[in-house]
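> Sharing a structure here in structure tokens format.
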Amino acid sequence: MKNFQGRVAVITGGAGGFGREFANIGARLGMKLVLADVEQGALDQAAAELRAAGADVLALKTDVSKPQAVDALAAAAVERFGVPSLVFNNAGVGHGGLIWEHTLSDWEWVLGVNLWGVVHGVRAFTPLMLEAARSDPSYEGHVVNTASMAGLLTAPNMGIYNVSKHAVVALTETMYQDLRLVTDQVSCSVLCPYFVPTGIHNSQRNRPAELVHVGKPTQSQLIAQAMSDKAVTSGKVTAAQVAEKVFEAIAADSFYIYSHPHALGNVQSRMEAIIQQKNPPDPFAARPEVGEKLRAQLRS
């Protein structure tokens with residue numbers, strides 16, 4: 001996809017982080033924007049600022065974990081602007097801790113947003129895009145699913161997040177192959193960012209009341225939160241820089257999109273261990289002091 005002018009982009013998690021930067025670029029390129037977010041105040045502010053910059057924006061509060069909400073988003077987008085050419089299934093939350101210490105509500109919340117949000121987006125929008133492609137030989141469509149480097153690695157004390165993001169990578173890789181079977185007009189990419197300051201470390205602010213964690217966080221969860229706070233807020237690559245990479249990938253029809261390509265060495269080590277039937281490699285091999293500190297904290 002080379003020309004974005006006048007096309008429609010749907011962006012979940014569109015009020016902040018990567019989503020807001022996708023919207024900024026879309027507005028600059030003359031796209032019509034459909035923003036979806038669970039945080040009403042931030043959504044209203046983003047929409048107002050984008051409209052002030054001249055963009056045509058439809059903003060809808062949307063809980064992507066709910067199928068009816070995503071179906072309503074798709075219907076509203078088509079009614080207002082027509083079938084979108086770009087869909088960013090981007091909404092996501094973060095949560096950490098030892099994998100057996102997560103409650104059922106933890107699993108429901110994280111998988112509901114990170115995985116089911118993508119599932120619902122793919123289910124609701126892809127058939128519309130394929131129908132548009134059948135009706136119009138000039139139509140081009142592209143779906144970007146936001147995963148994470150955590151979808152290619154298995155860092156300890158991040159189990160619930162790893163599971164959700166591995167599922168998104170597998171879903172999107174399969175989607176890529178499935179689309180190739182049926183069309184040349186619609187494609188997809190998976191975004192696998194590392195630590196980027198997006199606000200994901202503050203995800204608990206939007207956790208629904210019915211899935212609030214009951215009781216005190218465990219020691220492992222407190223440690224995971226502290227490590228996430230430090231890693232995310234100290235990231236040097238910005239969400240705006242990553243968003244630029246994403247639009248470049250869409251234009252080039254590139255599938256894998258990384259914010260920190262140097263982190264792929266760890267992915268290679270993991271793949272080699274799988275192929276050679278070795279035990280999973282030490283994730284702290286490059287920084288053993290971090291692993292020693294984490295073990296000491298968890299065993300105290």
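The values are calculated or read from the model by the stated rules, or taken from the named source; none is laboratory data. Nothing here was measured: the structure is a model prediction, and the numbers come from that model. Heads up, the Cβs are rebuilt from the backbone with ideal geometry, glycines too, and the neighbour counts pull from every protein chain shown.
> Do we find that VAL237 is assigned to a loop (DSSP other than H, G, I, E, B) and either in the same structural domain as ASP63 (by TED's automatic domain parsing) or of a type in the set (Asp, Glu) (or both) in this structure?
yes
> Can you name the number of the only condition in (1) among the acidic types (Asp, Glu); (2) farther than 30 Å from ILE25 by Cβ; (3) touching a His at 6+ places or on another chain (Cβ under 9 Å) that GLU210 fails?
(3) is the only condition that GLU210 fails.
> If you scan region 219-240, which residues turn out to be surrounded by fewer than 14 Cβ atoms within 10 Å (Cβ to Cβ) and more than 30 Å from ILE25 (Cβ to Cβ)?
Residue satisfying the conditions is ALA226 alone.
> If a residue has to be part of a helix (DSSP H, G or I), among the basic types (Lys, Arg) and either under 26 Å from ALA147 (Cα atoms) or touching a Ser or Thr at 6+ places or on another chain (Cβ under 9 Å) (or both) to count, how many in region 258-300 make the cut?
1
> Would you mind stating whether VAL168 is within 11 Å of the chain's Cα centre (by Cα) and surrounded by 18 or more Cβ atoms within 10 Å (Cβ to Cβ)?
On the way: within 11 Å of the chain's Cα centre (by Cα): yes; surrounded by 18 or more Cβ atoms within 10 Å (Cβ to Cβ): yes.
Answer is yes for this residue.
> With of a type in the set (S, T, N, Q), within 30 Å of ALA251 (Cβ to Cβ) and in contact (Cβ under 8 Å) with a residue 40 or more places away in the chain as the only criterion, which of GLN225, GLN185, GLN221, GLN177 stands out?
The conditions single out GLN185.
> Tally the residues that are modelled with pLDDT under 95 and of a type outside the set (Gly, Ala, Ser), restricting the search to region 40-76.
Number satisfying all stated conditions: 0.
> Answer yes if at least one residue in region 80-101 is free of Cβ contacts under 8 Å to residues at least 12 places away in the same chain and closer than 25 Å to ASN3 by Cα, and no otherwise.
Among the residues of region 80-101, not one is free of Cβ contacts under 8 Å to residues at least 12 places away in the same chain and closer than 25 Å to ASN3 by Cα, which makes the answer no.
> Considering region 128-154 alone, what residues qualify as being within 18 Å of the chain's Cα centre (by Cα) and under 15 Å from MET175 (Cβ atoms)?
The answer is HIS142, VAL143, VAL144, ASN145, THR146, ALA147, GLY151.
> Here is a list: ASP44, ASP63. Which entry is of a type in the set (Asp, Glu) and in contact (Cβ under 8 Å) with a residue 60 or more places away in the chain?
None of the other options fit; the residue is ASP63.
> Can I ask one more? If you take the residues of region 188-203 that are among the polar types (S, T, N, Q) and touching a residue at least 60 places away in the same chain (Cβ under 8 Å), which of them is surrounded by the fewest Cβ atoms within 10 Å (Cβ to Cβ)?
SER203
> Ok, one more. For region 1-46, what are the residues that are of a type in the set (Lys, Arg), part of a loop (DSSP other than H, G, I, E, B) and surrounded by fewer than 19 Cβ atoms within 10 Å (Cβ to Cβ)?
Within region 1-46, the subset of a type in the set (Lys, Arg) is 2, 7, 20, 28, 32.
From what is left, the residues that are part of a loop (DSSP other than H, G, I, E, B) are 2, 7.
Listed by number, the list holds a single entry, LYS2.
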